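The values are calculated or read from the model by the stated rules, or taken from the named source; none is laboratory data. This one's a predicted model, so the numbers in the text were calculated from it and none came from an experiment. Ideal geometry is used to build each Cβ from the backbone, glycine not excepted, and the neighbour counts take in all protein chains shown. Heavy atoms of the whole protein, side chains included, go into the accessibility calculation; ligands, DNA and RNA do not. Shrake-Rupley method; radii C 1.70, N 1.55, O 1.52, S 1.80 Å.
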Amino acid sequence: MTEPARRGFSRSREPAWLKWLLIGIVYLIVVVLIIVPLLQVFSIALSAGWNAFVQKALVDPDSLHAMWMTFVVSSISVTINIFFGMALAWAVARFQFPGRTLLISMVDLPFAISPVAVGLMFMLLFGRQGFFGSTLEEWGIEIVFSTPGLILATTFVTLPFIARELIPVMEAIGPDEELAAITLGASGWQMFWLVTIPNIRWALLYGVILCTARAMGEFGAVSVLSGKIAGSTETMPLRVDKLFHEHDEPGAFAVASILTLFALMTLIAKAALEHWVLASIKKPDANEL
Amino acid sequence: MTFRGLAALMTLTAIGMSLATSGCTKKSSNSQELLHVSYDVTREICTAVNEKFIKRYEAESGKKLTIKQSHGGSSSQARSVIDGLKADVVSLALWIDINAIAKSGLIEPGWENRLPNESIPYFSTVVFVVRKGNPKNIKDWPDLVREGVEVITPNPKSSGNGKLSFLAAWGSVTTRGGSDEEAMKYLTDLYRHVPVLESGGRGATTTFLNKRIGDVQLAWENEGYLAVKESKGEVEIVYPPVSIRAEPMVAVVTSNTKKKGTSETAEAYLKFYFEPEVQKLIAENYFRPSDPQVAEEFKDNFPSLTMFRVTDISKGWDDVQTRFFVEGALFDQISKLAAQR
């Protein structure tokens, strides 16, 4: 068994069969794990016909509301993360301060913590029996089981995406251009809009796309905090799960296919972006305003 | 697509935000909204009852009424209400679950007697759902632990269906002359035959029906009938000679309704469940009605079997909880033993 492999290594060139075997395996995995399930989503969604599909996914008020909730929650979370990500990347890339390294590793925390734990954590903080529970109730502020809770959870879970994209770019660019702008008399805002933003725009956009994709699909943390009220605190992933449990497979897959379409759109946006960036690197002038 | 694009994006989201908040806070004195927090298997029946009640309420009061629903495992739903889910009414699988909410101070004590029939609008039992033709020939509780039989039942800790299945299995031994030791041994054996413990009754049905795992599901009677209907005859119901009498209960979450000003509507809504018209609807949805006349009318739909109450196998629900389901109690010991093989 080991004999041919060792010979393959010593020859410095892999035999052709190995190359094709590996490529074949990769294609097989992609087809079995990605393409077939993806097609399955659409075929089950359409199994009860076009009319049923439109009825379940685009007319049913609870499904429409779930779409609206997904839009609201992900757009607000992404906006918060744009501000947070830029502020953090700026602080970390431009300044030295105590606790800087710790801060950078803290940003990755949401990647490591299970979303369910995130949901429970917010529940223990803001729930009726939680740490701030009685104060919030006195002030009449609802966080858990309503929109703010869903936004909070989604923002937490997607926190690293934009910051992680921006930090290396801002570090690589360095402060020189910004310093030059200030020396030439630009105000802080002018420097930010005319120098910093154009430099980081691709990384920022890339981060926004990844962040949006993740925010739309978030399930774990949101399911803990949602309370599962139909037509009120249900986002699309929660709606899919619920319809599936109600034995409404065409309905579940109809909503799932819309969610998948949104995801595919972000994927296409990402691919297009990569294409543009490559093109603009080849022709440096194209990068100008 | 530069900073101008970004600015446009931010403006868009700002508009979205303001729209979202205005959409959420829109309320008028001429409309009422109830949130009904319930357990897993009542979705279809709630939807049907809500439709009828809304029609009547709007005709009588001239106000607009919306009833929102939330469904999940009975104990986890209770937990959500305790944690701040603003339910006006709850209908849960077990007395303990509503009692847990009452203990947290959200429901006034003595709630059981504020509605007709001790707040039990209907009852049910645990039956066996098996694959078409009953290939493993399952007829009675001891058949579940035969070699090669896989049993689907949800986790007793989070689900009413799970607790009742556990208690039904326990009672099937003790009410037929078995000792507690024999019951313990039987249950350990039983949970060895459970490949997955879902958190709620609906999850268990999905596992059994859609994912086709297991040979027999311990299900609510009504859930069993739904499964037969949904699967177009791929599964069938087997009535064991003896099972538990399951009594789901309803209550107004008084603390929440007082704050929202929905107390009267909430109470009227729950009383509606006891009226003959709704009792019939309940029977049509395969729950055993509490109204004796309606029960007589539908008696052919519900085969008779020996049903023992929780009090026949324990001193009551508090006793059940401490003896079987709290951390380290019998269920934990049993699942530990079952895992050892």
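Key figures for this structure:
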{"read-out": "Test: residue in the range B:57-70 that is farther than 18 Å from B:Tyr269 by Cα and either acidic (Asp, Glu) or touching a helix residue (DSSP H, G or I) at 6+ places or on another chain (Cβ under 8 Å) (or both)", "value": "no"}
{"read-out": "Single residue of the range B:140-190 satisfying the filter (over 16 Å from B:Ser314 (Cβ atoms) and of a type in the set (S, T, N, Q)) that is surrounded by the fewest Cβ atoms within 10 Å (Cβ to Cβ)", "value": "B:Thr188"}
{"read-out": "Unique match (being on the phi < 0 side of the Ramachandran plot and within 13 Å of chain B (Cβ to nearest Cβ)) among A:Leu184, A:Leu205, A:Leu210", "value": "A:Leu205"}
{"read-out": "Criterion violated by A:Ile258 - all others in (1) modelled with pLDDT under 90; (2) in contact with a helix residue (DSSP H, G or I) (Cβ under 7 Å, 6 or more places away or on another chain) satisfied", "value": "(1)"}
{"read-out": "Test: residue in the range B:229-236 that is modelled with pLDDT under 90, among the hydroxyl-bearing types (Ser, Thr, Tyr) and crowded, with 21+ Cβ neighbours inside 10 Å", "value": "no"}
{"read-out": "Test: residue in the range B:103-114 that is in contact with a helix residue (DSSP H, G or I) (Cβ under 7 Å, 6 or more places away or on another chain) and closer than 25 Å to B:Glu236 by Cβ", "value": "no"}
{"read-out": "Count of residues meeting criterion [in a loop (DSSP other than H, G, I, E, B) and surrounded by fewer than 24 Cβ atoms within 10 Å (Cβ to Cβ)] in the range B:60-85", "value": "3"}
{"read-out": "Selection from the range B:37-54 of residues that are open to solvent by 20 Å² or more (accessible area, probe 1.4 Å) and more than 10 Å from every other protein chain (Cβ to nearest Cβ)", "value": "B:Ala48, B:Glu51, B:Lys52, B:Ile54"}
{"read-out": "In the range A:244-268, the residues that are within 14 Å of chain B (Cβ to nearest Cβ) and open to solvent by less than 10 Å² (accessible area, probe 1.4 Å)", "value": "A:Gly251, A:Ala252"}
{"read-out": "Test: A:Phe122 is open to solvent by 70 Å² or more (accessible area, probe 1.4 Å) and either within 14 Å of chain B (Cβ to nearest Cβ) or touching a strand residue (DSSP E or B) at 6+ places or on another chain (Cβ under 7 Å) (or both)", "value": "no"}
{"read-out": "Of residues in the range A:101-118 being β-branched (Val, Ile, Thr) and without any contact (Cβ under 8 Å) to a residue 24 or more places away in the chain, the one nearest to A:Thr154 (Cα to Cα)", "value": "A:Ile113"}
{"read-out": "Residue that is away from every other protein chain (no Cβ under 14 Å), more than 27 Å from B:Asn155 (Cβ to Cβ) and in contact (Cβ under 8 Å) with a residue 24 or more places away in the chain, where the choices are B:Pro116, B:Pro121, B:Pro135, B:Pro109", "value": "B:Pro116"}
{"read-out": "The range B:290-336, residues that are assigned to a helix (DSSP H, G or I), touching a residue at least 24 places away in the same chain (Cβ under 8 Å) and either more than 24 Å from B:Val196 (Cα to Cα) or assigned by TED's automatic domain parsing to the domain that holds B:Asn99 (or both)", "value": "B:Val310, B:Asp312, B:Ile313, B:Trp317, B:Asp318"}
{"read-out": "When residues of the range A:133-149 are limited to those that are within 29 Å of the chain's Cα centre (by Cα) and more than 8 Å from chain B (Cβ to nearest Cβ), the one least open to solvent (accessible area, probe 1.4 Å)", "value": "A:Gly149"}
{"read-out": "Number of positions in the range A:68-106 that are among the small types (Gly, Ala, Ser) and open to solvent by 80 Å² or more (accessible area, probe 1.4 Å)", "value": "0"}
{"read-out": "Counted residues, the range A:187-200 - those being free of Cβ contacts under 8 Å to residues at least 40 places away in the same chain, at the interface with another protein chain (Cβ under 10 Å from one of its Cβ atoms) and open to solvent by 30 Å² or more (accessible area, probe 1.4 Å)", "value": "3"}
{"read-out": "Hits in the range B:68-99 - residues which are over 16 Å from B:Glu118 (Cβ atoms), at pLDDT below 90 and more than 9 Å from chain A (Cβ to nearest Cβ)", "value": "B:Gly73, B:Ser74, B:Ser75, B:Ser76"}
{"read-out": "Matching residues, the range A:218-234, being more than 8 Å from chain B (Cβ to nearest Cβ) and either open to solvent by less than 10 Å² (accessible area, probe 1.4 Å) or in contact with a Cys (Cβ under 6 Å, 6 or more places away or on another chain) (or both)", "value": "A:Glu218, A:Ala221, A:Val222, A:Leu225, A:Ser226, A:Thr233, A:Glu234"}
{"read-out": "Every residue from the range B:250-289 that is open to solvent by 70 Å² or more (accessible area, probe 1.4 Å), touching a residue at least 60 places away in the same chain (Cβ under 8 Å) and farther than 24 Å from B:Asn99 by Cα", "value": "B:Glu277"}
{"read-out": "Given (1) at pLDDT below 90; (2) open to solvent by less than 20 Å² (accessible area, probe 1.4 Å); (3) hydroxyl-bearing (Ser, Thr, Tyr), number of the condition B:Ser304 does not satisfy", "value": "(2)"}
{"read-out": "Qualifying helices (runs of 4 or more DSSP H) (wholly inside the range B:150-262; at least 1 residues being charged (D, E, K, R) and farther than 30 Å from B:Val90 by Cβ)", "value": "B:180-192"}
{"read-out": "Number of positions in the range B:100-132 that are part of a strand (DSSP E or B) and either among the acidic types (Asp, Glu) or more than 19 Å from the chain's Cα centre (by Cα) (or both)", "value": "2"}
{"read-out": "Residue match in the range B:204-221 (condition: under 14 Å from B:Leu144 (Cβ atoms) and either among the hydroxyl-bearing types (Ser, Thr, Tyr) or open to solvent by 20 Å² or more (accessible area, probe 1.4 Å) (or both))", "value": "yes"}
{"read-out": "Filter result for A:Gly251 (in contact with a Leu (Cβ under 7 Å, 6 or more places away or on another chain) and farther than 20 Å from B:Glu44 by Cβ)", "value": "no"}
{"read-out": "Pair list, Cβ under 6 Å, 6 or more apart: the range A:55-81 residue within 14 Å of A:Ile258 (Cβ to Cβ), other residue open to solvent by 10 Å² or more (accessible area, probe 1.4 Å) and among the basic types (Lys, Arg)", "value": "A:Ala66/A:Arg239"}
{"read-out": "Test: A:Ile35 is in a helix (DSSP H, G or I), over 30 Å from A:Lys228 (Cβ atoms) and without any contact (Cβ under 8 Å) to a residue 60 or more places away in the chain", "value": "yes"}
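Residue-by-condition table, conditions (1) of a type outside the set (Phe, Trp, Tyr); (2) farther than 28 Å from A:Ile143 by Cβ; (3) assigned by TED's automatic domain parsing to the domain that holds B:Pro241:
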| residue | (1), (2), (3) |
| --- | --- |
| B:Ala100 | yes, no, no |
| B:Lys103 | yes, no, no |
| B:Leu115 | yes, yes, no |
| B:Phe128 | no, yes, yes |
| B:Glu150 | yes, yes, yes |
